[in-house]
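Accompanying notes for the structure given below.
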Amino acid sequence: DAGVIQSPRHEVTEMGQEVTLRCKPISGHDYLFWYRQTMMRGLELLIYFNNNVPIDDSGMPEDRFSAKMPNASFSTLKIQPSEPRDSAVYFCASSLIDSARHEQFFGPGTRLTVL
Amino acid sequence: QKEVEQNSGPLSVPEGAIASLNCTYSDRVSQSFFWYRQYSGKSPELIMSIYSNGDKEDGRFTAQLNKASQYVSLLIRDSQPSDSATYLCAVNAGGSGNTGKLIFGQGTTLQVKP
């Protein structure tokens, strides 16, 4: 079975440009998570969805960040306008909540560089 | 603020030794605990899950959970250079309902020297 798929794998853009990151969760999973990882701050949860509905977006740093999940197999994280401090690796993860289990599986990540 | 604490390391062990990685958490109602391995430049990979007090073994890996002490650990027996990575402890955010949210520690870097 395919794991979580993310695109692009690398993105280099200039400050002020719009950036869109994409994620396809594991088929059948009902939770989708967006994380950001930097050396300074570690792995941070930005937002997560349950059955395509945003549940908690308290980790989204600013209004420049937005995320959508139009259907069970696709989600986007958009940054507009981008800034150099947004440079990080962005991971998408998905899980299937079964009783008390919360195993999350991560995609390969998108390495974003904002110049 | 619910937290998960890990020693950042690096933890250095010789090849063949036992590596012991530790994690404490603050949320008493947490029920699910995980260890992820992350190689440099790669994504976190789930290697162990534990839900009940005691030990859970999988090959060279043993996860240990003590809910009373709010402590979870990972033992790696016969450590190999290929085990060199950052190990992330994760705990489900408890409270009411089944949130699906995990709280991650900052990770412990393990170096296994040949």
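The values are calculated or read from the model by the stated rules, or taken from the named source; none is laboratory data. Fair warning: this is a prediction, and the values are worked out from it, not measured in the lab. Cβ: placed from backbone, ideal geometry, glycine included. Neighbour counts: every protein chain shown. Just so you know, the surface numbers come from the protein's heavy atoms only, side chains and all, with ligands and any DNA or RNA stripped out. Shrake-Rupley method; radii C 1.70, N 1.55, O 1.52, S 1.80 Å.
List the accessible area buried at the contact between B and A, summed over both sides and calculated with a 1.4 Å probe, in Å² to the nearest 100.
1700 Å²
So if I place +1 on the C-beta of Lys and Arg and -1 on the C-beta of Asp and Glu, and nothing else carries charge, what would the dipole magnitude of chain B be about its Cα centre? I want it in debye, nearest 20.
Dipole about the Cα centre, nearest 20: 180 debye.
So for chain A, taking the charge dipole from beta-carbon charges (+1 Lys/Arg, -1 Asp/Glu), which of A:15, A:29, A:61 sits furthest toward the positive end?
It is A:15.
How big is the C-alpha Rg of the protein assembly as shown next to the rule-of-thumb value 2.2 N^0.38 Å, as a ratio?
1.02
May I ask you to list the residues of the stretch A:74-115 whose amide nitrogen lies under 11 Å from a point 7 Å from Cα along the Cα→beta-carbon direction of residue A:14?
Those under the cut-off are A:115.
Using all Cα-Cα distances in the stretch A:34-95, what percent lands in each 10 angstrom bin from 0 up to the longest?
The calculated distribution, bin by bin, is 21, 57, 21, 1.
With r as the distance between the Cβ atoms of residue A:53 and residue B:52 and R0 = 22 Å, compute the FRET efficiency 1/(1 + (r/R0)^6) and round to 0.05.
Once the sixth-power term is evaluated, E becomes 0.10.
With the crude spin-label approximation of a point 7 Å out along Cα→Cβ, what separation in nm comes out for residue B:106 versus residue B:31?
3.1 nm
For the stretch B:13-103, give the percent of accessible area contributed by carbon and sulfur heavy atoms, probe 1.4 Å, rounded to a whole number.
48 percent
Tell me, Kirkwood radius of chain A from alpha-carbon pair distances, in Å?
In chain A this quantity evaluates to 14.1 Å.
At a Förster distance of 25 Å, what's the computed FRET efficiency of residue A:101 paired with residue B:20, Cβ-Cβ distance as r, to 0.05?
Approximately 0.45, to the nearest 0.05.
Which FRET efficiency value, to the nearest 0.05, is calculated for residue A:78 and residue A:38 with the Förster distance at 25 angstrom and r the Cβ-Cβ distance?
0.85
What whole-number value in cubic angstrom gives the convex hull volume per residue for the C-alpha atoms of chain B?
It is 97 Å³ per residue.
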